[in-house]
Every structure is written in C-alpha cells, then in structure tokens.
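Below is one structure, written out as structure tokens, with a few remarks after it.
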Amino acid sequence: MSTLRNNKNCIPSKILNKLKWDPTKKQLDQFVQLQKLLREWNKKTNLTRLVDGDDYWITQVSDSLWPLYQELQYPKLSHKYIDVGSGCGFPGLAIAIAIPSSNITLLDSSTKKTTFLKAVANEIGLNSRVNVITERAELAGQNQIFRGSFDYAIARAVAPAAVVAEYLVPFLKSKGHALIYKGSWTEADQQILKKALSSLNAEIQQINEFELPDNRGIRNVIRIHPFEKCPDEYPRSIGKPMKKPLGS
C-alpha cells in the first residue's frame, strides 16, 4: 500500500485501506486536480459544498468507489459505464480516474453541470474515455445509441430506487449490472423495488452495506441484473417514472 501524507491535498490512508486499493501517483494527482477544479467552479456556480478535506475524500471519492471495490482490483478490465444524474461528477469521474481502462458516459439534464463535466474531463486528461451528454434519462434510455449498450449503469442520490431502476435497466447489456447507491435501506424498500423490477425483466442480484470512514454513515448499494430484454416501453416518458413509480 502506498504511503501517503494525510492532509487536505492527499487521499487519507484510511480510505485506501477500506477500499483495499493502491492508486498510482497519476490517479492521486487527478483526484487532487479534480478537487481544485471543483473549488474554482464553485466560486461561479454552486455545484457541491463537499469539496474540502474529508468532505471530499470520504463523502465524495470513497462513497463513489466503494460499490466497485471488486472492480478496483482489476483495473485493466475494459467496461462501459453510464452515470445517470452525474451532477458534479460523482461517481462517474471518480470511476474514470480509478478504473483507467473504463469508458464512461456522464448523463445529466443540467447544462450548467455538463459544461463543468466537459471542462473537467478535458482538463484532467479524461476526454478520450469520458463522454458527456446533456439529456433526460427518460429520453436517453429510449435512444438506440445508448439503449442496451452498457456493462454498468449507475446512479447516486438521484431518486427512489424503483424510479432509478426504470432509468438504469434499459441502458444495460444482457449481462450488465445496474448499481443503485442508497443511504438507508429497508425491507419495505426492497419489496417495492422487487415489484418494480418484475416489470423491467430484472432482479436484485446482491445488496452490500458499507460504513464510511470516520462515522460518515452507512451506505448500501443494490446490484441489479436483467434476466430478459427490457420491454421497449421503458423508460416511460419524461416525468412519468417519478410521478407514477413502478411497484407502488
């Protein structure tokens, strides 16, 4: 494991130990550069308040990467990811840095945010592997360029799980995985999601729980995979998944 200084410009070793991940100097430099750019852009457009110290390294970087701790052990594997509702780039940009053979599509409906994402991807040398799209998930999921094209479809802090599942599953290849990042997770949540997934021809594969360092909270990730092709009617038209969630 790399020996790293524990200060505001360096990823704390407690995170690396928790993730069992040994980043390269280039990856560390890219994360530090991303943090710097977030600070600069925050001065002119409000993107996130979590940009300093452990707010950045634990609540942004670690929280983005822990659901992929297994994939971090095989950085040469080449997979296609789509991050739905990418916001200020977490988890998508973090994955692009941490898994250097990956190809990432960052999808967000906010032009303000996608302008930032494009600039950052170019600035830190990721633009050859990162594609930024300004679009609603409902429309992108019906676009044949994107539909059924990804190994991983991911969303963090976007909407209730049943809603997110309708956004994610249509993007997946037949052996793909959807990852829904959640904080708390209950049996009631699980039953609603299972009911929603039956309409999407998908099922829960695994649920993992993780405690962020320094008592920053419990996180859950729900891994979903399709067992048949997603019906063409999903995702439904703009706003409908949120107004009338599947499974409710």
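The values are calculated or read from the model by the stated rules, or taken from the named source; none is laboratory data. None of these values were measured; they are calculated from a predicted model. FYI the Cβ positions are ideal-geometry reconstructions off the backbone, even for glycines, and counts take in every protein chain you see.
Annotations
- Here is the figure for the range 166-178: residues that are outside any helix (DSSP H, G or I) and touching a Lys or Arg at 6+ places or on another chain (Cβ under 6 Å) total 1.
- Within the range 203-225, residues that are in a helix (DSSP H, G or I) have Cβ atoms under 8 Å from residues that are of a type in the set (Gly, Ala, Ser) in these pairs: 213/62, counting only partners at least 6 apart in sequence or on another chain.
- Of all positions in the range 195-202, at least one carries a residue that is over 30 Å from residue 54 (Cβ atoms), touching a helix residue (DSSP H, G or I) at 6+ places or on another chain (Cβ under 7 Å) and not in a helix (DSSP H, G or I).
- Residue selected from the range 21-47 under the condition polar (S, T, N, Q) and surrounded by fewer than 14 Cβ atoms within 10 Å (Cβ to Cβ), by the criterion farthest from residue 113 (Cα to Cα): 24
Matching residues to (1) modelled with pLDDT under 85; (2) not small (Gly, Ala, Ser):
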{"site": "4", "(1), (2)": "yes, yes"}
{"site": "27", "(1), (2)": "no, yes"}
{"site": "80", "(1), (2)": "no, yes"}
{"site": "88", "(1), (2)": "no, yes"}
{"site": "92", "(1), (2)": "no, no"}
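- Within the range 141-156, if we keep just the residues that are in contact (Cβ under 8 Å) with a residue 40 or more places away in the chain and aliphatic (A, V, I, L, M), the residue that is surrounded by the fewest Cβ atoms within 10 Å (Cβ to Cβ) turns out to be 155.
- As a summary of the residue check, residue 193 satisfies the conditions (1) touching a residue at least 40 places away in the same chain (Cβ under 8 Å); (2) surrounded by fewer than 24 Cβ atoms within 10 Å (Cβ to Cβ); (3) not small (Gly, Ala, Ser) except for the one numbered (2).
- Taking the range 201-248 as the range and being surrounded by fewer than 16 Cβ atoms within 10 Å (Cβ to Cβ), over 19 Å from the mean Cα position of the chain (by Cα) and of a type in the set (Gly, Ala, Ser) as the test, the residues that pass are 237, 239, 248.
- In the range 166-176, the residues that are over 10 Å from residue 84 (Cβ atoms), crowded, with 24+ Cβ neighbours inside 10 Å and touching a strand residue (DSSP E or B) at 6+ places or on another chain (Cβ under 8 Å): 169, 172
- Residue in the range 157-165 that is within 26 Å of residue 118 (Cα to Cα), touching a strand residue (DSSP E or B) at 6+ places or on another chain (Cβ under 7 Å) and not in a helix (DSSP H, G or I) present: yes
- For the range 19-55, the set of residues classified as among the hydrophobic types (A, V, I, L, M, F, W, C), within 23 Å of residue 219 (Cα to Cα) and either in contact with a Lys or Arg (Cβ under 6 Å, 6 or more places away or on another chain) or assigned to a helix (DSSP H, G or I) (or both) consists of 19, 31, 51, listed by residue number.
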